[in-house]
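Okay, structure first, notes after.
The values are calculated or read from the model by the stated rules, or taken from the named source; none is laboratory data. Given the structure is predicted, the values throughout are model-derived calculations rather than measurements. Heads up, the Cβs are rebuilt from the backbone with ideal geometry, glycines too, and the neighbour counts pull from every protein chain shown. In case anyone asks, the SASA skips ligands and DNA or RNA and just uses the protein heavy atoms, side chains included. Shrake-Rupley method; radii C 1.70, N 1.55, O 1.52, S 1.80 Å.
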Amino acid sequence: MRYLRDARTFLVPILFTIVIQSLVYFFIYTRTGRTDWKSGLTVIAALSLVPVLSAFTLSAFRRNRAPISAAIAVVLIFFSFAVTLLSAMRLPLSYSGLLATLPVAMLAMAFSNIRFHRSISDHVGLVDFGGARGVVEMLGQGVTLIGDSTVDLSQFDMVLIDPEQHHTSEWSNLLARCYLSGVEIMPWTTFIEIRMGRVDVESFDLSHLSYSLSQILYARVKRTFDIAAVLITLPATLLLAGLTAGYIFARDGGPVLFVQHRHGFGDRVFRIYKFRTMYKGTGGGATGNGDKRIIPGCNIIRRARLDELPQLYNILVGDMSLIGPRPEAMDLVKWYRGDIPQWNYRTLVLPGVTGWAQVNSGYTSNINEARVKLAYDLYYIKYLSFDLDLQILFKTVRTVLFGTGAR
């Protein structure tokens, strides 16, 4: 039942993929003057099986930490089988049409798998402990507090525990019954990471960082990807940077750059560069709606993040990465470190132009918001991967283009 319920979450993406694939294939198929509709419908039927079989396969791997890569790999496998089968049937095919439908299936399944990985609709119980009520309040609806070991487990798909307090003789009977009943047992901190995409800052420790081989390899080549991305996009970014600098100079003269010292990798201090979007002599700090310090028209520059373009230089010289925790100003770092000891862990990776905290929580104005932002940054450091960087890129582009999501 649970497996079918999980698979049902892919229903809308499956239908969307089938419709778009059909339209794309028939558009290309008919442009060549072919009118064999029976063959065309057979191809569509075979292609329709790709998202269906992919969804059932992906729903069996909910805990996979690479939802994008997994979706792409699964789609490629089933797509290859479909094309092989159609070729063996010796039907008149449009191979360019088939090739055009592949990105549709890969993108749809990748996005739906990300959402599936994040969404947990199971019936969840949290075994009581000292801070359990705070955890239930943080997680919101859908989590039931379990007060005693004789509880009826038939109402739960998953039971959350505190590893330090529940691996004891007092709760051993409950844990044994979970194993025997097929109820999944998970630490509550792991559940928070899956559902909310952030860690529990108070319980986070360096010992939680245990990189897999793929993470180690990616960390080593990430710098190469950064440099390649900057160089490939240089013609477009130089043009945008020139237009932005020209507009700022025309409205308020020079200098057009804003330079500030920030904390970076390994607690190293570096100079970060941005386009100045406030009038000269008006100071810095957080801005609000209708802030009179902002140069007219520069709100658009800030919204589109064009003011961040000079940081591509910071990437080239090795101060920053394209994606990572945003580097903070010196005075803020001193403030945060005094209240949040775990803040130092942010410097374990290169800071980024955009990051997981940036696209999920936006700017901070107080210590509580800073703690939430840190929870996202530590999640990024713990689960550093190509997949996670892709998700951040997609969310950043969505924010810039459509104004949705955190800023």
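A few points about this structure:
- Inter-residue pairs, beta-carbon under 6 Å, first under 9 Å from S22 (Cβ atoms) and assigned to a helix (DSSP H, G or I) and in region 40-54, second open to solvent by 20 Å² or more (accessible area, probe 1.4 Å) and of a type in the set (V, I, T), 6+ apart: S48/I18
- The C-beta contact set for region 17-37 (first residue closer than 13 Å to S94 by Cα and open to solvent by less than 60 Å² (accessible area, probe 1.4 Å), second residue part of a loop (DSSP other than H, G, I, E, B) and among the aliphatic types (A, V, I, L, M), distance under 9 angstrom, 6+ apart or interchain) comprises Y29/L93.
- Residue in region 374-392 that is closer than 22 Å to L217 by Cβ and in contact with an Asp or Glu (Cβ under 7 Å, 6 or more places away or on another chain) present: yes
- Taking region 307-407 and the helices (runs of 4 or more DSSP H) fully enclosed by it, the elements with 3 or more residues that are closer than 25 Å to F111 by Cα are at 356-360, 367-382, 386-402.
- Selection over region 333-365 of residues that are open to solvent by 70 Å² or more (accessible area, probe 1.4 Å) and at pLDDT 90 or above gives a count of 1.
- Within region 293-306, considering residues that are over 23 Å from the mean Cα position of the chain (by Cα) and at negative phi, the one surrounded by the fewest Cβ atoms within 10 Å (Cβ to Cβ): P296
- If you go through region 326-370 and keep only what is touching a Ser or Thr at 6+ places or on another chain (Cβ under 7 Å), within 21 Å of Y218 (Cα to Cα) and small (G, A, S), you end up with just G352.
- The single residue among A110, A60 that is touching a residue at least 24 places away in the same chain (Cβ under 8 Å) and surrounded by 15 or more Cβ atoms within 10 Å (Cβ to Cβ) turns out to be A110.
- Cβ pairs under 7 Å, 6+ apart, first in region 366-378 and crowded, with 21+ Cβ neighbours inside 10 Å and of a type in the set (D, E, K, R), second at pLDDT below 90 and outside any helix (DSSP H, G or I): K373/S361; K373/T364
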